[in-house]
Amino acid sequence: MSAPQPLLSRAFKEASLAAVIVGGLSYPIIAFRAEPDFNNALALTSRWPLFFIFCGLGFGLRFLLTLWSGRPKAARGEAALALEKPGATSKNRWLAPLGLAALIAYPIVILVVLGPQAALKWVDTFGVQILLYILLGWGLNIAVGLAGLLDLGYAAFYAVGAYAYALLVPLTGLSFWALLPICGLLAAFWGFCIGFPVLRLRGDYLAIVTLAFAEIVRIVLVNWDVVTHGEAGLFGFPPVTFFGLPFIPGPRGFAAHFGLPFAAVHKLIFLYFVVLALALLANFVSIRLRRLPLGRAWEALREDEIACRALGLDTANIKLTAFALGAFFAGIAGCIFALRQGVVSPSSFTFNESATILAIVVLGGRGSQWGVALAAVLIVGASELLRELSFLKAIFGPDFDPAQYRMLLVGLAMVAMMNFRPRGIVSARQPTITLPPVGGRA
């Protein structure tokens, strides 16, 4: 059955208005490009095809959105109701083991199919990096998803872990395994400290304070040249080893010890499994804590802080534990980041990093472990895939860089999610505690 005529007419009018607004906003930016000529004077070159493509996208997206919002609620919620049926969870009981098996086999399959050289990018960019953001997303999910504390400065704890590893390695001479929990504890300490000033804050005010804390950390890293080396950052610390075996060619290396031909991808595969193990640990801790009194207190705080206090719960300790535990996993992720990059600098821990991690949690579904993991794969993986779309230069010109539109696509995804699934990709979550059936009925 076709859509009613009034709905189509309203969709066409709203889409036309959206196209006009997009055209007005993008006209000075998209339609023209300023480039220096032979006299070193700026000259405007037109890009009308790209301008009309943007207007067409605005028209089409608004048209579809209006048609969707005009559908009956029963039709719009059909997919969501299917997920919330009692048998939906039991049908997916094999999903977790199959997903874990696929994650374990991923680097091996990539190495066999593509070879050692071509597998470098796929193991590092689409393996280690995505898992790192999953670890960060699950850490932030404790504060934002479970406790309901809006944190816009999560990258500050990420930076604390990275700089703690970079500074402590030459000072102490400890190995990565010894410094890994230390970096997490230092980040947790700062999470505990930032929790004190925000005990009486909530919502937007809490977000502003956490954002200010992240900016303070970044400015300190930039200006404390004696310790952090400013914008140049820290580098030159020892690379990752396989329990003392370095990933180097020669008789003392990892490959020679196990009788394998040397390949640089061995180090990345080992780092991949380290990040995978740490991400699974974070997932296990989050799931177990949800079923304990602390996890139920987090959820009570998220739903209603006043009612939480009325029940006699100590909201101060609940907030502090959420901040500290979430920061602990950020510190661990920062340690992994420093080991992977070989250099840490303030430019890696800007507000965009905090916004990306928060977008992963919001798009995936606050409080949902599966949703956060899926959103990390989509946002980070799609962002990296944009770099591979070099054929678009033949359409939009040789200066077109698809990677520059990463945040634009994330913003569009956020807008679409707020309209279609406001609670995130995975909106249906199992309750922490369920009452037993009464009289044999569920």
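The values are calculated or read from the model by the stated rules, or taken from the named source; none is laboratory data. This one's a predicted model, so the numbers in the text were calculated from it and none came from an experiment. As a convention, Cβ positions derive from the backbone with ideal geometry for all residues, glycine included, and neighbour counts pool all protein chains shown. Just so you know, the surface numbers come from the protein's heavy atoms only, side chains and all, with ligands and any DNA or RNA stripped out. Shrake-Rupley method; radii C 1.70, N 1.55, O 1.52, S 1.80 Å.
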Checked pairs for the stretch 411-436, first outside the structural domain of Gly145 (by TED's automatic domain parsing) and hydroxyl-bearing (Ser, Thr, Tyr), second surrounded by fewer than 16 Cβ atoms within 10 Å (Cβ to Cβ) and modelled with pLDDT under 75, C-beta under 7 Å and 6 or more apart or across chains, list as Ser427/Ala80
Selection from the stretch 334-355 of residues open to solvent by 10 Å² or more (accessible area, probe 1.4 Å) and within 9 Å of the chain's Cα centre (by Cα) yields Glu353, Ala355
Of (1) touching a helix residue (DSSP H, G or I) at 6+ places or on another chain (Cβ under 7 Å); (2) modelled with pLDDT under 90; (3) open to solvent by 10 Å² or more (accessible area, probe 1.4 Å); (4) part of a helix (DSSP H, G or I), Gly145 fails just (3)
Checked against (1) loosely packed, with under 14 Cβ neighbours inside 10 Å; (2) more than 27 Å from Ala355 (Cβ to Cβ); (3) not hydroxyl-bearing (Ser, Thr, Tyr), Phe242 satisfies every condition except (1)
If we ask which residues in the stretch 35-65 are in a strand (DSSP E or B) and either within 15 Å of Phe400 (Cβ to Cβ) or open to solvent by 60 Å² or more (accessible area, probe 1.4 Å) (or both), their number turns out to be 6
Counted residues in the stretch 263-272 being open to solvent by less than 20 Å² (accessible area, probe 1.4 Å) and in a loop (DSSP other than H, G, I, E, B) come to 1
Check your understanding: Has the stretch 285-302 got at least one residue that is open to solvent by less than 60 Å² (accessible area, probe 1.4 Å), touching a residue at least 12 places away in the same chain (Cβ under 8 Å), under 30 Å from Arg200 (Cα atoms) and in contact with a Cys (Cβ under 6 Å, 6 or more places away or on another chain)?
Key -> yes
(1) modelled with pLDDT under 90; (2) more than 12 Å from the chain's Cα centre (by Cα) all hold for Gly364 apart from (2)
